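The values are calculated or read from the model by the stated rules, or taken from the named source; none is laboratory data. Keep in mind that what you see is a predicted model, and the values were worked out from it rather than measured. Cβ sites come from the backbone with ideal geometry, for glycine too, and all protein chains shown count toward neighbours.
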Amino acid sequence: MIFFGDNYDMGMEISRRGFMCAGLATAAGVAISGPSAEAAGGIKILRDGRVEVELSKFKVLAKIGGALVVGNVKDVPTALVRTGKNSYQGLDLRCTHQQVTSKLVSGTFKCPAHGSEFTKTGAVKIGPAQTGLNKINTEVVGKTVILG
Ligand code: FES
């Protein structure tokens, strides 16, 4: 009985630890690139429906190639990618195959439906999508980017 109890407790401890790690990883991922970017501040919906991103609030955008999942811009799931020293591009995350929202995973946008992958600039990397992600109007205004 004691042996069983020890194993059971150890199993529970590992499970708890695994759960905590998964929770922290998820929270970190969301804070950097997920929907809670809005909750973290630095993203504001303007009166006309466009979205303003305050660049200094998102370290991920500090380097060229950095990408941030902003959330919805005029009902379109959108990411913002830094493409140059002072250039950015908004991307419509709806997969061009069948419109399922792509996720930012390990530096590429991956569609969970049928496996299409897109580069950070939105180009098709792996099908079945035939065309790249659509671009969202993007304007740099001072230390912000306006999307939509
Ligand atoms: S909807 Fe994205 S691969 Fe099919």
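Here is a check on your reading of the model: is ALA79 within 16 Å of the ligand (Cβ to nearest atom), in contact with a Leu (Cβ under 6 Å, 6 or more places away or on another chain) and at pLDDT 95 or above? Yes; evaluated as a whole, the condition is true for this residue. The listed residues are VAL70, VAL51, and the only one of them that is surrounded by 14 or more Cβ atoms within 10 Å (Cβ to Cβ), more than 16 Å from the ligand (Cβ to nearest atom) and either modelled with pLDDT under 95 or within 12 Å of the chain's Cα centre (by Cα) (or both) turns out to be VAL70.
Annotation: of all residues in segment 88-107 being more than 8 Å from the ligand (Cβ to nearest atom) and hydroxyl-bearing (Ser, Thr, Tyr), the one that is surrounded by the most Cβ atoms within 10 Å (Cβ to Cβ) is TYR88. Does ALA113 fit the bill of being assigned to a loop (DSSP other than H, G, I, E, B), surrounded by fewer than 19 Cβ atoms within 10 Å (Cβ to Cβ), near the ligand (Cβ under 10 Å from one of its atoms) and of a type in the set (A, V, I, L, M)? Taking the combined requirement at face value, the residue satisfies it. Kindly evaluate GLY132 against the criterion of being outside any strand (DSSP E or B), out of contact with any Pro (no Cβ under 9 Å at 6 or more places or on another chain) and modelled with pLDDT of 95 or more. Yes.
Applying the criterion of being hydrophobic (A, V, I, L, M, F, W, C) and within 10 Å of the ligand (Cβ to nearest atom) to the residues of segment 125-146, the residue that is nearest to ASP75 (Cα to Cα) is ALA129.
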